[in-house]
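Participant: Take this structure first; my questions come after.
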Amino acid sequence: MPVELHRDWIPVALSADLPAATVVPAHTPSGILALWRSESGKLTALADRCPHRGMRLSYGFVRGEALSCIYHGWSYGRTGQCQRIPAHPDLTPPAAIKAASYATEERNGVIWIAQNEPQEPPPTLDGFKPLRSMPLAVDADRLSPTGEVRTEFAGIDMLLLIVATGNGEAVAHIMIAASASKDDCVAASRAAEGWRRDCERLALEDRAS
């Protein structure tokens with residue numbers, strides 16, 4: 001089923017780019033979220049703001065099954081509830097100290113986030129496997145009004161998942177035909193670099209005209 005029919009879900013990263021015990025900023029059209037994977041491999045997306053002093057949680061660190069703020073070390077579990085305040089180790093944090101959490105799903109090497117209550121699961125993208133993610137200095141609508149581009153790079157079938165990241169920029173999560181060989185992946189990745197250069201050059205020319 002086409003990706004644009006699943007707009008409850010936003011593709012934010014490739015699984016290979018988020019190993020266990022790491023956190024990354026997940027770019028969505030409405031802002032950045034803190035996407036992290038616990039040491040046991042569980043995925044969580046939280047609002048990218050520590051309720052204590054507002055530091056970005058995507059700058060933090062993962063220990064065990066919790067994400068800790070880099071500023072004062074306040075730790076949050078997968079529901080967003082604060083679990084520990086290092087300056088007060090014997091205190092049970094109040095229930096009000098909580099970062100908003102969002103539904104996450106991982107399918108076929110792609111990580112998806114739903115910022116609202118999803119009505120159905122994200123697409124499986126059968127027939128494709130992840131290649132790489134690529135930032136572009138181009139407005140997402142210029143690349144695709146639907147968030148999906150089906151094309152060929154180096155003669156190989158590709159699927160591009162386009163997400164707006166604000167300020168006229170976007171990211172493309174690039175999928176390649178599941179049958180592609182290692183050499184095919186290298187050739188397609190190089191061709192994708194050329195595609196990015198062409199898109200950014202045309203965008204600059206349009207802004208200058």
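The values are calculated or read from the model by the stated rules, or taken from the named source; none is laboratory data. It should be emphasised that the depicted structure is a prediction, and the values quoted were computed from it without experimental measurement. Note: ideal-geometry Cβ built from the backbone for every residue, glycine included; neighbour counts use all protein chains shown.
Participant: Here are D126, D141, D157: which of them is in a helix (DSSP H, G or I), of a type outside the set (K, R) and surrounded by fewer than 19 Cβ atoms within 10 Å (Cβ to Cβ)?
Facilitator: D141
Participant: Can you tell me which residues in the stretch 59-78 are touching a residue at least 40 places away in the same chain (Cβ under 8 Å) and surrounded by fewer than 19 Cβ atoms within 10 Å (Cβ to Cβ)?
Facilitator: V62, R63, R78 - these are the residues of the stretch 59-78 that are touching a residue at least 40 places away in the same chain (Cβ under 8 Å) and surrounded by fewer than 19 Cβ atoms within 10 Å (Cβ to Cβ).
Participant: Kindly indicate which of R197, R207, R142, R190 is more than 28 Å from L43 (Cβ to Cβ), touching a Cys at 6+ places or on another chain (Cβ under 9 Å) and not acidic (D, E).
Facilitator: Within the list R197, R207, R142, R190, the selection yields R142.
Participant: Let me ask you something else. Scan the stretch 138-149 and tell me whether some residue there is acidic (D, E) and modelled with pLDDT of 95 or more.
Facilitator: no
Participant: Okay, next question. Identify, please: which residue in the stretch 35-58 is without any contact (Cβ under 8 Å) to a residue 40 or more places away in the chain and in contact with a strand residue (DSSP E or B) (Cβ under 8 Å, 6 or more places away or on another chain) and is, among those, surrounded by the most Cβ atoms within 10 Å (Cβ to Cβ)?
Facilitator: Going through the qualifying residues, I end up with W36.
Participant: Is one or more of the residues making up the stretch 160-182 exposed (fewer than 13 other Cβ atoms within 10 Å of the Cβ), free of Cβ contacts under 8 Å to residues at least 12 places away in the same chain and not in a loop (DSSP other than H, G, I, E, B)?
Facilitator: Within the stretch 160-182, one or more residues are exposed (fewer than 13 other Cβ atoms within 10 Å of the Cβ), free of Cβ contacts under 8 Å to residues at least 12 places away in the same chain and not in a loop (DSSP other than H, G, I, E, B).
Participant: Just to be sure before I move on: is S30 surrounded by fewer than 14 Cβ atoms within 10 Å (Cβ to Cβ), closer than 24 Å to I162 by Cβ and among the small types (G, A, S) in the structure I sent?
Facilitator: Yes, satisfied.
Participant: Something else about it: Filter the stretch 144-154 for residues that are among the hydrophobic types (A, V, I, L, M, F, W, C) and assigned to a loop (DSSP other than H, G, I, E, B) and give the result.
Facilitator: A154
Participant: Is the stretch 82-97 home to any residue that is within 25 Å of P11 (Cα to Cα), free of Cβ contacts under 8 Å to residues at least 24 places away in the same chain and touching a Ser or Thr at 6+ places or on another chain (Cβ under 6 Å)?
Facilitator: No, because not a single residue in the stretch 82-97 is within 25 Å of P11 (Cα to Cα), free of Cβ contacts under 8 Å to residues at least 24 places away in the same chain and touching a Ser or Thr at 6+ places or on another chain (Cβ under 6 Å).
Participant: Which ones in the stretch 39-55 are over 16 Å from the mean Cα position of the chain (by Cα) and closer than 17 Å to C82 by Cα?
Facilitator: Hits for the stretch 39-55 are R49, C50, P51, H52, R53, G54, M55.
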